Structure formats: C-alpha cells, structure tokens
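Accompanying notes for the structure given below.
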Amino acid sequence: MEGISDIRIMGIDEKRPPRISKKPYIDLCFRLTHKAPVDWCREFTDDQSKNEFPAKINIDECLYIETWVRSPDEIVEHLQILKKAVALCNTRYIEKVEASQRDRDSGNTALANEAGPQGQLNRIIAGLDFSD
C-alpha cells in the first residue's frame, strides 16, 4: 500500500513530453509515483500558484504536476524546486492527519471520562475488541 510519504515526482508524463515550439515557454507535465488525495493536490496547487513558474495538479486525476518554464536551461532547477515542494506538502499533509487523529482521540477520551450511564456506555464502546 502506498502512502502519502511515498508521493514523489517519478518522471515526465509520456503522453505529454516537453516540446520546443514557437511559444515563449515550454510546458512540462511531471508524473507522481501514485495518485495523491484531493486535499493534498489542492494544498500543493495553492502553495505553488504564487511561484515564478506556477504548478498545478488537476484534482480529477491527482497524478500529474503541470507547469512551465521559459527555456530548457530552467528545467533542472525547477524540477528541484518541485521535488522539495512535494516533500513539504507530504510532511504538512501527514501532520494535519496526525493532528486530526489526536483531536479525535482526545474527544474520545473526554467521552469515556463522562460520568453516569452515558460515560459507562462510552467506556464499553471504546473498549470493544474487533480483532479476530
């Protein structure tokens, strides 16, 4: 099973290779190792929209980073920037998931510590073992 920390740029989209054209820029489409969650894609796109060469991820696919540069000489540096951005987005996404889990766990603890019949019910439900 691939996780968030496994998301990285693995190459160029084979269906959309970069091409020199009459346009004053070169479109680039990088492929991720696997599909990313929609929230991850939104956060990445929001973060990268402010850069000199904006990058975005289509949330219908969540598999390709679309961006551009002005010349071939800028590709290597731009890829390095994007690789760092992907790693940072992974870290932030994992931190948000862990914070959400901690909040949920602390809420469950509060429910289990409740007094009276509801507290007793909450403790029984929290202690159920669903393993085989």
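Observations on the model:
- Condition met for Lys56 (basic (Lys, Arg), free of Cβ contacts under 8 Å to residues at least 24 places away in the same chain and out of contact with any strand residue (DSSP E or B) (no Cβ under 8 Å at 6 or more places or on another chain)): no
- Top-ranked residue in segment 62-75 [being open to solvent by 20 Å² or more (accessible area, probe 1.4 Å) and under 13 Å from the mean Cα position of the chain (by Cα); ranked as nearest to Thr33 (Cα to Cα)]: Leu63
- Segment 1-27, residues that are within 16 Å of Ile65 (Cα to Cα) and open to solvent by 90 Å² or more (accessible area, probe 1.4 Å): Arg8, Met10, Glu14, Lys15
The values are calculated or read from the model by the stated rules, or taken from the named source; none is laboratory data. All of these numbers come straight from a predicted model, not from anything done at the bench. Methodologically, a virtual Cβ is constructed for each residue, glycine included, from the backbone with ideal geometry; neighbour enumeration extends over all protein chains shown. Areas reflect the complete protein model, heavy atoms only, side chains present, ligands, DNA and RNA absent. Shrake-Rupley method; radii C 1.70, N 1.55, O 1.52, S 1.80 Å.
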